[in-house]
1. Could you run through the range 55-75 and say how many residues are part of a loop (DSSP other than H, G, I, E, B), on the phi < 0 side of the Ramachandran plot and not hydrophobic (A, V, I, L, M, F, W, C)?
2. Identify all residues within the range 54-91 that are among the hydroxyl-bearing types (Ser, Thr, Tyr) and over 18 Å from Ala33 (Cα atoms); write none if there are none.
3. Of a type in the set (A, V, I, L, M, F, W, C) and loosely packed, with under 15 Cβ neighbours inside 10 Å: which single residue out of Phe252, Phe245 fits that description?
4. Scan the range 228-256 for residues that are in contact with an Asp or Glu (Cβ under 7 Å, 6 or more places away or on another chain) and outside any helix (DSSP H, G or I) and report the count.
5. Does any residue in the range 248-264 that is on the phi > 0 side of the Ramachandran plot come within less than 9 Å, Cβ to Cβ, of a residue that is surrounded by 13 or more Cβ atoms within 10 Å (Cβ to Cβ) and not in a strand (DSSP E or B) six or more places away or on a different chain, and which pairs are these?
6. Can you find a residue in the range 267-286 that is loosely packed, with under 14 Cβ neighbours inside 10 Å, on the phi > 0 side of the Ramachandran plot, out of contact with any Pro (no Cβ under 6 Å at 6 or more places or on another chain) and part of a loop (DSSP other than H, G, I, E, B)?
7. Do we find that Phe51 is touching a strand residue (DSSP E or B) at 6+ places or on another chain (Cβ under 6 Å) and closer than 20 Å to Asp82 by Cα in this structure?
8. Given the conditions (1) modelled with pLDDT of 95 or more; (2) surrounded by 15 or more Cβ atoms within 10 Å (Cβ to Cβ); (3) not in a strand (DSSP E or B), and given that Ala190 satisfies all but one, which numbered condition is not satisfied?
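The values are calculated or read from the model by the stated rules, or taken from the named source; none is laboratory data. Computed from a prediction, not measured in an experiment: that's the story for all the values here. Note: ideal-geometry Cβ built from the backbone for every residue, glycine included; neighbour counts use all protein chains shown.
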Amino acid sequence: MKKIALLLVFAVLSCQNPYGTVTTDDEKSAIIATVFKSVGDEQIEYLNEVFSDKMELVNSQGASSNKTSFIAGVENMMDLFDDIRFTDMNGDAEGAEIETNTYVNGIVWTNIWNTFSATGKYTGQEVNFPFHISYKWERNKIIKEVQFFDATEIENEMNAKLAAANASEKIVVLLELKVNNGYSKADVAALVQKLNNFVRANEPNTYDYTYFISTDARKVFLLEKYYSSADMILHAQNFEGGPNFTPFMSTFEVDSFIVAGNVTDELKETLKAYPVEYRSSIGGWIY
């Protein structure tokens, strides 16, 4: 009986002392609604006003940036898309919504979940994706934004924009390899696994690294993609100075070596010992 009485007292105290309150018709929720209306209207001035000069943006990948980068990112999004729009929010919590959480320690966060819809200016494609963003406040200024959404659609449009201007820094490498005598398909597979493990562990900006083998197991096609020339320079340095150079050169003979994209002079200097054929873009885009 005493245990039941204690539980009842605890329950009453918990109700009387909540961790915080949730509202949807408050000033801060209204500010966030105006932020998104401004984005849809492609007006940046209001964002400059309500976001603190010392704000921190944390994107979906966990990377942090400051207000200058944040504003530049929003302006870039406005350049990438036409007819930016969001789902109407009416406070019924059935779909899109904005709510403000005020905690007993004084910390205030406003959250929005909604859907981004627009037309890509460079691909012409309609895009729709759900998002959730949280905003931390310092008085009536946003001091922190934390994003939760898949940015693939934005990245695809950015790729198309860079391709249209032939301004992409991404590098594509194509190698045709012959498998040397004495090496079986199993030998090649074992070496490729070691190479893959090494690249994954040491080269975060090598974003495509794939080997394809012929039906007779005597030829291999290698596709590599890098975000920039600097990333390929790192790969070349790791390859030449790492544990895989000798096994690779023993297993394969290089039949052709093509490096495509806007290659820097520094990368060409790094690869000068190799029989590289350089090619530039004449259209399309790189993923």
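1. Residues of the range 55-75 that are part of a loop (DSSP other than H, G, I, E, B), as a first pass: 59-63, 66.
In the following step, the residues that additionally are on the phi < 0 side of the Ramachandran plot were identified as 59-61, 63, 66.
Keeping just the survivors that are not hydrophobic (A, V, I, L, M, F, W, C) gives 59-61, 66.
So the count comes out to 4.
2. Of everything in the range 54-91, those that are among the hydroxyl-bearing types (Ser, Thr, Tyr) and over 18 Å from Ala33 (Cα atoms) turn out to be Ser60, Ser64, Ser65, Thr68, Ser69.
3. Numbers: Phe252 fails: loosely packed, with under 15 Cβ neighbours inside 10 Å.
One residue alone meets the criteria, Phe245.
4. 3
5. Filtered contacts from the range 248-264: Gly261/Ser168; Gly261/Glu169; Gly261/Lys170; Gly261/Ser229; Gly261/Ser281; Gly261/Ile286.
6. Here is the first cut: in the range 267-286, the ones loosely packed, with under 14 Cβ neighbours inside 10 Å are 268-269, 272-275, 277-280, 282-284.
Those still in the list that are on the phi > 0 side of the Ramachandran plot too: 283-284.
Then keep just the ones that are out of contact with any Pro (no Cβ under 6 Å at 6 or more places or on another chain); that gives 283-284.
Within this subset, residues satisfying the condition of being part of a loop (DSSP other than H, G, I, E, B) are 283-284.
The answer is yes; a qualifying residue exists.
7. On the way: touching a strand residue (DSSP E or B) at 6+ places or on another chain (Cβ under 6 Å): yes; closer than 20 Å to Asp82 by Cα: no.
So Phe51 fails the test.
8. Here Ala190 meets the rest and fails (2).
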